[in-house]
There are 2 protein chains.
Amino acid sequence: MNIAVIGMGTMGAPMARNLLKAGHSVVVHNRTREREEPLVADGASRADTPAAAASGVEVVLTCVSDTPDVQRVLLDPKIGVINGLTSGSLIIDCSSIAPAATREIAATFADKGIGFVDAPVSGGSEGAIKGTLAIMCGGTVDNFARATPLLEVLGSKVTHIGDVGAGQVAKVANQIVIAGTYLALGEALTLAAKAGADPQKVVEAIGGGVAGSWIMQNRSSNVLNDTYPLGFRTRLHRKDLGIALDTARTFEVPVPVASLVATIEDGLIAQGLGDEDMSNLARFIRRGAGVPDGPLSAGDS
Amino acid sequence: MNIAVIGMGTMGAPMARNLLKAGHSVVVHNRTREREEPLVADGASRADTPAAAASGVEVVLTCVSDTPDVQRVLLDPKIGVINGLTSGSLIIDCSSIAPAATREIAATFADKGIGFVDAPVSGGSEGAIKGTLAIMCGGTVDNFARATPLLEVLGSKVTHIGDVGAGQVAKVANQIVIAGTYLALGEALTLAAKAGADPQKVVEAIGGGVAGSWIMQNRSSNVLNDTYPLGFRTRLHRKDLGIALDTARTFEVPVPVASLVATIEDGLIAQGLGDEDMSNLARFIRRGAGVPDGPLSAGDS
């Protein structure tokens, strides 16, 4: 299949590479053009603009940073995909952006006979490289069916949530759940240590029961060691929580935990910690509690 | 072994029964005396006061509601265990109470040559009946070793966290982690539904990844169905968060999620919902969002 991939970031580049490996013909574009070069070495062709990339392909896959970026690469009256793509083709947007904007963009393309599937991913750069992403999809049954063979190259768990935008809504839900779980873990282990219990033993004791989670299993060592290797950047999670808060306001849902974590992440970013893994929510608690940096241990103060 | 069990509540009664089944000689006491009767039918003897129950036994096991209850049954100058128990014996407190009070009580008994192990449990009434509780223990290595054969009758996972009080600290950590996880799940699924996604599909899509947890696996159906069968009462979790907040203040640790959930649970209790399962934290969000009671579905408003 002829596919354009727009956005050669941490996620987009390995996704394009996996499509090449699967035998597809791929044309790439990135705003910072030199990021296209490694993909060209892998067999991709390149295009000067999103519009040029989209010209003549059956599918455009976008993976860029935020809502305005998607709007620009798809809808810009000069360089946007909308100037290159023809009726009958399909857009798959793997960016994490606002559900409401997604629905507007999809409607614009629907008017031109172009399908749209929102397909935000989770699983990080490792998942993108290995092709083991979880992909949450919104779109019509037909468009989802057309996207599925490609998405199955990129991810190991592809779920059709519902109509267009529903994939983005699921991603928002994911980011809210992990926000509360990470912050609570940070509070619990900091308090355990300061109150005189070995936090490692606490993890062992409670991790197999009601308090157990992927995050407890895979990220409590970050909190115990006070090291926050990526993972998923606090700065990017804050961006996603911005979408969550906007969506919550639009749909009138109080989201106190999401609001709280967003403001804490603003503090972490202000401290220069935005590029650590988001398990560093624990840092905000430990610094607030006057615990010196370094591995967390019983009686810390 | 001769064992006194004080407190014939939802947890204490089945624990006493399991000790009887394991062949121990058990004397029981409960403030509301008729609650002793079913245990007498199972082979226990009964005593008029905690002091009388403790007279001549090697181990006293307490399982009562809160810090003042433990202080009363153990230390009351007239009826307390301290008047009946002799040097060389051991107290095992399975109640969930303040770590600081636990350390004071243990010190009082240590002065009389009486050992103390704090051993709060998790796993609910079902775990107490089946003998599959998780038990988090604080105490000296020797006292923990003495308590272990009995605790292994009551639970399937017995962990020695550290010195006396450390079991209670682990329980506090457990209650903070689940607080944040439950609230975040309630926010995420309510928002997903109002923003137009099928919340059941969202659970399927995100539950196997970073957002996955015991709570997601086992309690998201409560949120989806808007039914909150026990489980673990909101009222009791609020009591435990009271201990968490006191402990956090004592040890100077900011615990914003625990504080937030405590105040939300006060609201739920005020609405008459304190005896539902604590997964009803989602109710606070959905009612706040104007979602009518009943199963949660896409486009709810």
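The values are calculated or read from the model by the stated rules, or taken from the named source; none is laboratory data. Predicted, not measured: the structure shown is a model, and the values here were computed from it. Quick reminder, even Gly has a Cβ in these numbers, built from the backbone with ideal geometry, and neighbours come from all protein chains shown. When the accessible area is computed, the model is the full protein with side chains, heavy atoms only, and any ligands, DNA or RNA have been set aside. Shrake-Rupley method; radii C 1.70, N 1.55, O 1.52, S 1.80 Å.
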* Would you be able to say whether some residue in region A:124-143 is of a type in the set (Asp, Glu), within 17 Å of the chain's Cα centre (by Cα) and open to solvent by less than 40 Å² (accessible area, probe 1.4 Å)? => no
* Return the total of residues in region B:6-27 being of a type in the set (A, V, I, L, M, F, W, C) and assigned to a helix (DSSP H, G or I). => 5
* If residue A:96 passes every condition in (1) of a type in the set (Ser, Thr, Tyr); (2) closer than 22 Å to residue A:18 by Cβ; (3) open to solvent by 50 Å² or more (accessible area, probe 1.4 Å) but one, which one does it miss? -> (3)
* Asked: Within region A:51-74, can you find the residues that are under 21 Å from the mean Cα position of the chain (by Cα) and in a helix (DSSP H, G or I)?
  -> A:67, A:68, A:69, A:70, A:71, A:72, A:73, A:74
* Asked: β-branched (Val, Ile, Thr), under 26 Å from residue A:21 (Cα atoms) and without any contact (Cβ under 8 Å) to a residue 40 or more places away in the chain: does that describe residue A:121?
  -> no
* To do: All but one of (1) on the phi < 0 side of the Ramachandran plot; (2) touching a residue at least 12 places away in the same chain (Cβ under 8 Å) hold for residue A:292, so report the exception by its number.
  => (2)
* Asked: Hey, does region B:28-47 have a residue that's open to solvent by 20 Å² or more (accessible area, probe 1.4 Å), outside any loop (DSSP other than H, G, I, E, B) and touching a Leu at 6+ places or on another chain (Cβ under 6 Å)?
  -> no
* Picking from B:219, B:249, which residue would you name as being basic (Lys, Arg) and touching a helix residue (DSSP H, G or I) at 6+ places or on another chain (Cβ under 9 Å)? -> B:219
* Asked: Only one of A:12, A:23 is open to solvent by 30 Å² or more (accessible area, probe 1.4 Å) and at pLDDT 95 or above; which?
  -> A:23
* Consider residue A:183 against the criteria (1) within 17 Å of residue A:236 (Cβ to Cβ); (2) within 15 Å of the chain's Cα centre (by Cα): it satisfies all of them except one. Which criterion is unmet? -> (2)
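Could you tell me whether region A:199-211 includes any residue that is more than 7 Å from chain B (Cβ to nearest Cβ) and free of Cβ contacts under 8 Å to residues at least 12 places away in the same chain? Explain how you work it out, then say what you get.
Filtering region A:199-211 for residues more than 7 Å from chain B (Cβ to nearest Cβ) gives A:199-200, A:203, A:207.
Next, from what is left, pick out any that are free of Cβ contacts under 8 Å to residues at least 12 places away in the same chain: none.
For region A:199-211, residues more than 7 Å from chain B (Cβ to nearest Cβ) and free of Cβ contacts under 8 Å to residues at least 12 places away in the same chain: absent.
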* To do: Say whether the condition of being within 11 Å of another protein chain (Cβ to nearest Cβ) and in a helix (DSSP H, G or I) is met by at least one residue in region B:108-124.
  => yes
* **Residues of region B:197-238 that turn out to be part of a loop (DSSP other than H, G, I, E, B) and either on the phi < 0 side of the Ramachandran plot or buried (at least 23 other Cβ atoms within 10 Å of the Cβ) (or both), as a count** => 13
* To do: Scan B:58, B:104 and give me the residue that is without any contact (Cβ under 8 Å) to a residue 24 or more places away in the chain, out of contact with any Gly (no Cβ under 6 Å at 6 or more places or on another chain), in the same structural domain as residue B:150 (by TED's automatic domain parsing) and open to solvent by 10 Å² or more (accessible area, probe 1.4 Å).
  => B:104
* **Per-region count, region B:144-181, residues in contact (Cβ under 8 Å) with a residue 40 or more places away in the chain, farther than 17 Å from residue A:201 by Cα and open to solvent by 10 Å² or more (accessible area, probe 1.4 Å)** => 2
* Tell me, yes or no, whether region A:122-129 has at least one residue that is of a type in the set (S, T, N, Q) and over 24 Å from residue B:195 (Cα atoms). => yes
* To do: Report whether or not residue A:85 is touching a helix residue (DSSP H, G or I) at 6+ places or on another chain (Cβ under 8 Å) and not in a helix (DSSP H, G or I).
  => yes
* Residue list for region A:242-256, restricted to those being open to solvent by 40 Å² or more (accessible area, probe 1.4 Å) and either touching a residue at least 60 places away in the same chain (Cβ under 8 Å) or not in a helix (DSSP H, G or I) (or both) -> A:246, A:250, A:251, A:252, A:254
* Asked: Residues in region A:222-242: is at least one within 22 Å of the chain's Cα centre (by Cα) and either within 14 Å of residue B:174 (Cα to Cα) or facing chain B (nearest Cβ under 7 Å) (or both)?
  -> no
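Yes/no per residue for (1) among the small types (Gly, Ala, Ser); (2) out of contact with any Lys or Arg (no Cβ under 9 Å at 6 or more places or on another chain):
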{"residue": "B:214", "(1), (2)": "no, yes"}
{"residue": "B:217", "(1), (2)": "no, yes"}
{"residue": "B:222", "(1), (2)": "no, yes"}
{"residue": "B:232", "(1), (2)": "no, yes"}
{"residue": "B:240", "(1), (2)": "no, no"}
{"residue": "B:259", "(1), (2)": "yes, yes"}
{"residue": "B:264", "(1), (2)": "no, yes"}
* Structure fact -> Per the filter on region B:257-281, residues at the interface with another protein chain (Cβ under 10 Å from one of its Cβ atoms) and open to solvent by 10 Å² or more (accessible area, probe 1.4 Å) are B:259, B:260, B:263
* Within region A:282-292, can one find any residue that is within 26 Å of residue A:170 (Cα to Cα), touching a Phe, Trp or Tyr at 6+ places or on another chain (Cβ under 8 Å) and either more than 10 Å from chain B (Cβ to nearest Cβ) or not in a helix (DSSP H, G or I) (or both)? -> yes
* Search region A:186-198 for residues that are facing chain B (nearest Cβ under 7 Å) and more than 10 Å from residue B:244 (Cβ to Cβ) and pair each with any residue that is assigned to a loop (DSSP other than H, G, I, E, B) and acidic (Asp, Glu) when their beta-carbon atoms are under 6 Å apart and the residues are at least 6 apart or on different chains. => A:194/A:300
* Could you count how many residues in region A:134-181 are within 8 Å of chain B (Cβ to nearest Cβ) and in a helix (DSSP H, G or I)? -> 12
